[in-house]
Amino acid sequence: MLKKEFFRKPKNELENYNRYLKTVSPDVPGEMCVLCPSCKQTLFTGALNENSNVCPKCGHHFRMNARQRISMLTDENTFEELYGGILPKNPIDFPGYPEKIKHARLESAEKEAVVCGTARIGGNGCALFVMEPRFMMGSMGTVVGEKITRIFEYAREHSLPVVGCTVSGGARMQEGILSLMQMAKTSGAVKLHSDAGNLYIAVLTDPTTGGVTASFAMEADIILAEPNALIGFAGPRVIEQTIRQKLLPGFQRAEFLLEKGFVDAIVERKNQRKQIARLLSLHAGRECG
């Protein structure tokens with residue numbers, strides 16, 4: 001008879017909420033170096049942070065946390081957070097979900113996967129939402145949908161443009177059908193905001209996938225994207241298995257979507273603040289340099 005130790009227990013990475021190993025990330029204090037996945041150069045974390053988490057050798061855009069991106073885009077000391085007190089629950093009693101939420105908070109230092117508020121960009125007032133990749137990969141649950149809906153409602157009431165930065169693995173499976181309902185909820189808020197004559201600018205970052213892509217991420221008046229960002233609904237492997245065809249090179253990357261008309265422009269991180277400020281100024285009818 002085989003001993004029990006003979007078999008190795010399979011690891012479920014998706015629900016392995018008891019992980020204690022820290023994910024390697026260029027913005028984690030204490031990590032001296034990071035390897036660029038594109039050019040394979042070893043980079044000092046400090047220098048990478050000073051360059052907005054962009055590889056100085058090849059221009060690869062590493063992921064940024066929400067607070068870094070807010071600091072990069074907005075005028076100094078103008079961001080005021082809204083709806084930070086809305087906290088997630090376990091609406092369908094998904095096993096281990098509370099523990100996973102707790103782990104995500106520790107890993108990201110955020111209460112949920114999106115940060116909302118008001119700010120000024122190049123002197124232009126706006127409402128802002130920025131998704132957090134280190135909180136369950138920016139997945140959209142009921143709190144994310146509620147906060148994004150509220151920021152669009154706030155912007156409509158105060159006649160403000162909205163700037164949104166997306167990064168997401170899609171709808172949050174631990175909340176079941178309730179997470180999918182957020183697609184319609186946020187889309188309705190975007191429509192009302194648009195009908196009132198207000199501007200919405202989306203910045204798609206790597207990755208923007210699933211239900212987020214199928215709703216508010218692709219409903220903006222102007223859609224910008226970071227270089228080589230993965231943007232799509234289902235993953236390439238799922239699509240290939242469904243249609244039984246090999247996908248084109250670069251499929252679902254920002255450059256491919258730009259060529260097909262789904263994205264208006266690809267903007268490097270160093271130019272995003274200036275570009276967004278110019279678009280906001282044009283919408284407000286002000287001259288800009």
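Points to keep in mind about this one:
- Of all residues in the range 55-69, at least one satisfies being modelled with pLDDT of 95 or more, surrounded by 16 or more Cβ atoms within 10 Å (Cβ to Cβ) and under 12 Å from Ala119 (Cβ atoms).
- Strands (runs of 3 or more DSSP E) lying entirely in the range 98-198 (those with 2 or more residues that are within 16 Å of the chain's Cα centre (by Cα), modelled with pLDDT of 95 or more and within 15 Å of Thr208 (Cβ to Cβ)): 124-131, 162-168
- Phe216 touching a residue at least 24 places away in the same chain (Cβ under 8 Å), among the aromatic types (Phe, Trp, Tyr) and either within 23 Å of His60 (Cβ to Cβ) or open to solvent by less than 40 Å² (accessible area, probe 1.4 Å) (or both): yes
- Hey, Glu153 touching a residue at least 12 places away in the same chain (Cβ under 8 Å), closer than 23 Å to Ile276 by Cα and surrounded by fewer than 21 Cβ atoms within 10 Å (Cβ to Cβ) or not: yes
- Members of the range 79-89 that are surrounded by 15 or more Cβ atoms within 10 Å (Cβ to Cβ) and in a loop (DSSP other than H, G, I, E, B): Phe79, Tyr83, Ile86, Pro88
- Whenever a residue of the range 28-48 is modelled with pLDDT under 85, its partners that are part of a helix (DSSP H, G or I), lying with C-beta atoms within less than 8 angstrom and at least six residues away or across chains, give the pairs Val28/Thr45; Glu31/Thr45; Met32/Thr45.
- Restricting Val162, Val130 to those that are among the aliphatic types (A, V, I, L, M), without any contact (Cβ under 8 Å) to a residue 60 or more places away in the chain and open to solvent by less than 10 Å² (accessible area, probe 1.4 Å) reduces the list to Val162.
- Some residue of the range 280-289 being free of Cβ contacts under 8 Å to residues at least 24 places away in the same chain and within 18 Å of the chain's Cα centre (by Cα): no
- No other residue among Ile201, Ile223, Ile239 is outside any loop (DSSP other than H, G, I, E, B), of a type outside the set (S, T, N, Q) and at pLDDT below 95 apart from Ile239.
The values are calculated or read from the model by the stated rules, or taken from the named source; none is laboratory data. All figures in this text were calculated on a predicted structure; none of them were measured in a lab. Every residue, glycine among them, receives a Cβ derived from its backbone with ideal geometry; neighbour counts consider all protein chains shown. Just the protein is used for accessible areas: all its heavy atoms, side chains included, with ligands, DNA and RNA removed. Shrake-Rupley method; radii C 1.70, N 1.55, O 1.52, S 1.80 Å.
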